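One structure below.
What follows is calculated from the coordinates using simple rules that are stated; it is not laboratory data. The model shown is predicted, which means the values in this text are computed figures rather than measured ones. Virtual Cβ from ideal backbone geometry, glycine too; neighbours counted across all protein chains shown.
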Amino acid sequence: MRYLKKLESLSWKELVKNREASFYSIRNIFLHKIHVLHRIIENVIREKEIFKIDFDSFKNFQEIRDYIEQVNKILDGYLSSLNEEELKRIVKIQTS
């Protein structure tokens, strides 16, 4: 959450401004980073399908914070369930 606190020091206008970067805005780049973690846990490790998120649907800092908390709960749940068998399991990452 420390990154989000730093981002919250910016205005929303600055956060969503198109900077001609890989995902255009700071908000989108940050959300992409969180979504990649979410997809690694769910799609790759748990083999559950999740869908891409629409970065533009996040209209304020609280919505971003809520998504981070959701992903953190999923990560915490996975980490707390780790056992020897899971640690030995080979996870295959499919690339397109």
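Structure data summary
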| read-out | value |
| --- | --- |
| Of all residues making up the stretch 78-92, the number that are within 21 Å of the chain's Cα centre (by Cα) and surrounded by 11 or more Cβ atoms within 10 Å (Cβ to Cβ) | 1 |
| Residue check, R65 among the charged types (D, E, K, R) and over 27 Å from V91 (Cβ atoms) | yes |
| Any chance I90 is more than 19 Å from L4 (Cβ to Cβ), in contact with a Lys or Arg (Cβ under 7 Å, 6 or more places away or on another chain) and either in contact (Cβ under 8 Å) with a residue 60 or more places away in the chain or not in a helix (DSSP H, G or I) (or both) | no |
| Any hit, the stretch 39-52, residues being over 23 Å from E86 (Cα atoms) and not charged (D, E, K, R) | yes |
